Each structure stands twice: as C-alpha cells, then as structure tokens.
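*Asks:* Just passing along the structure, written as structure tokens.
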Amino acid sequence: MSCELCDRAGGELVWNSARCRVIRVADTDYPGFCRVVWNAHAAEMTDLTPDDRRYLMDVVLAVEQAVRDALSPDKINLASLGNVVPHLHWHVIPRFRDDRHFPNPIWGEPRRYVSPSRDTAGLDALLAERLATLA
C-alpha cells in the first residue's frame with residue numbers, strides 16, 4: 001500500500017531530522033501553516049516509543065512557538081487527525097480572527113471569502129533556529 005507521506009515530503013521542506021520533518025503547507029489562506037511529519041510510517045502516537053513521543057512533541061511545540069513569535073496569531077490550532085492520510089503528522093495552524101474560517105476549524109464551512117495576507121518573512125529562519133537543538 002502506498003503512503004503519501006512516506007512517498008513525498010508533503011509540502012515545502014523547512015527542516016529535517018532522522019526522526020521527523022517540518023514542512024510548510026502551501027495555503028494562501030493560512031500562511032505559516034506547518035506540518036510536523038514523522039519520517040517512519042506510523043499511524044498513532046502510541047506506535048512510537050515514549051522517547052520518540054517526547055521528541056515529536058518537542059518538535060511540535062518548537063514549531064508552535066516559532067509560528068507564534070513570527071506571526072502573532074490570535075490562536076494556534078494543533079491537530080493530529082490522519083483520517084485521510086493515516087501517517088503520523090501534526091498540523092500547526094496559526095489562526096487569526098479575520099481568517100476564512102475563524103472561529104470554525106479550517107476544514108469546515110468558510111465564514112468569509114478571503115483571508116487577509118500575512119507577512120511570513122523570517123518564519124523559516126526562526127523555525128530553523130528553534131529546531132536546531134532538536135536535530
């Protein structure tokens with residue numbers, strides 16, 4: 001069986017370690033949207049060792065903090081769904097009160113036509129800086 005996240009990066013690769021990678025999602029409505037993808041195929045957090053679970057969450061939280069520092073969103077949504085792609089990955093989604101779906105989930109019915117553009121310059125460098133100690 002083919003797995004989309006085993007076969008491809010899943011977005012623009014920003015950072016990679018032996019255990020996981022961080023990619024930027026190309027979504028103009030949600031600038032700064034990142035995914036933290038476990039490199040080896042696993043479906044659930046409990047498929048990982050306790051040490052790997054801690055490591056993965058350290059990476060997720062470092063990405064969250066970098067996104068918060070770079071973009072100052074009103075809220076961060078963290079989600080690990082995997083219903084469509086059953087490969088362990090976490091969504092780190094900056095949310096703004098004026099984005100297309102706020103306060104609804106981004107996968108729900110939009111409330112507005114467009115989201116205002118946001119400047120994400122510097123986010124990739126900040127991500128690399130925050131994740132450097134976790135490689």
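Every read-out reported here was derived from the displayed coordinates using simple, explicitly stated rules and does not represent laboratory data. Just so we're clear, the structure is a prediction, and the values are computed from it rather than from any experiment. No Cβ is skipped: glycine too gets one built from the backbone with ideal geometry, and neighbour counts run over all protein chains shown.
*Asks:* What do you reckon, is Asp119 surrounded by fewer than 18 Cβ atoms within 10 Å (Cβ to Cβ), under 16 Å from the mean Cα position of the chain (by Cα) and either over 15 Å from Trp15 (Cα atoms) or touching a residue at least 60 places away in the same chain (Cβ under 8 Å) (or both)?
*Replies:* Details: surrounded by fewer than 18 Cβ atoms within 10 Å (Cβ to Cβ): yes; under 16 Å from the mean Cα position of the chain (by Cα): no; either over 15 Å from Trp15 (Cα atoms) or touching a residue at least 60 places away in the same chain (Cβ under 8 Å) (or both): yes.
In short, no.
*Asks:* Pick out the one residue from Arg68, Arg35 that is touching a His at 6+ places or on another chain (Cβ under 7 Å), under 11 Å from Val92 (Cα atoms) and of a type in the set (Lys, Arg).
*Replies:* Details: Arg68 fails: touching a His at 6+ places or on another chain (Cβ under 7 Å).
Within the list Arg68, Arg35, the selection yields Arg35.
*Asks:* Let me ask something additional. I'd like the full set of residues that are surrounded by 17 or more Cβ atoms within 10 Å (Cβ to Cβ) and in contact (Cβ under 8 Å) with a residue 40 or more places away in the chain, limited to region 1-28. Can you show your working first?
*Replies:* Of the residues in region 1-28, the ones surrounded by 17 or more Cβ atoms within 10 Å (Cβ to Cβ) are 5, 10-11, 14-15, 20-24.
Leu5, Gly10, Val14, Trp15, Val22, Arg24 - these are the residues of region 1-28 that are surrounded by 17 or more Cβ atoms within 10 Å (Cβ to Cβ) and in contact (Cβ under 8 Å) with a residue 40 or more places away in the chain.
*Asks:* Return the residues of region 70-100 that are over 15 Å from the mean Cα position of the chain (by Cα), closer than 21 Å to Thr28 by Cα and either without any contact (Cβ under 8 Å) to a residue 60 or more places away in the chain or surrounded by fewer than 16 Cβ atoms within 10 Å (Cβ to Cβ) (or both); say none if nothing qualifies.
*Replies:* We begin by selecting, within region 70-100, every residue over 15 Å from the mean Cα position of the chain (by Cα); these are 72, 74, 83-84, 86, 96-100.
Filter again for closer than 21 Å to Thr28 by Cα, leaving 72, 74, 96-100.
Ser72, Asp74, Phe96, Arg97, Asp98 - these are the residues of region 70-100 that are over 15 Å from the mean Cα position of the chain (by Cα), closer than 21 Å to Thr28 by Cα and either without any contact (Cβ under 8 Å) to a residue 60 or more places away in the chain or surrounded by fewer than 16 Cβ atoms within 10 Å (Cβ to Cβ) (or both).
*Asks:* Let me ask something additional. For region 77-134, enumerate the residues that are among the aliphatic types (A, V, I, L, M), part of a loop (DSSP other than H, G, I, E, B), within 20 Å of Arg21 (Cα to Cα) and touching a strand residue (DSSP E or B) at 6+ places or on another chain (Cβ under 8 Å).
*Replies:* The answer is Leu81, Leu88.
*Asks:* When you scan region 1-48 for strands (runs of 3 or more DSSP E) that lie fully inside it, which ones turn up with 2 or more residues that are aliphatic (A, V, I, L, M) and within 20 Å of Asn77 (Cα to Cα)?
*Replies:* Details: elements: 12-16, 20-24, 34-38.
Output list reads 20-24, 34-38.
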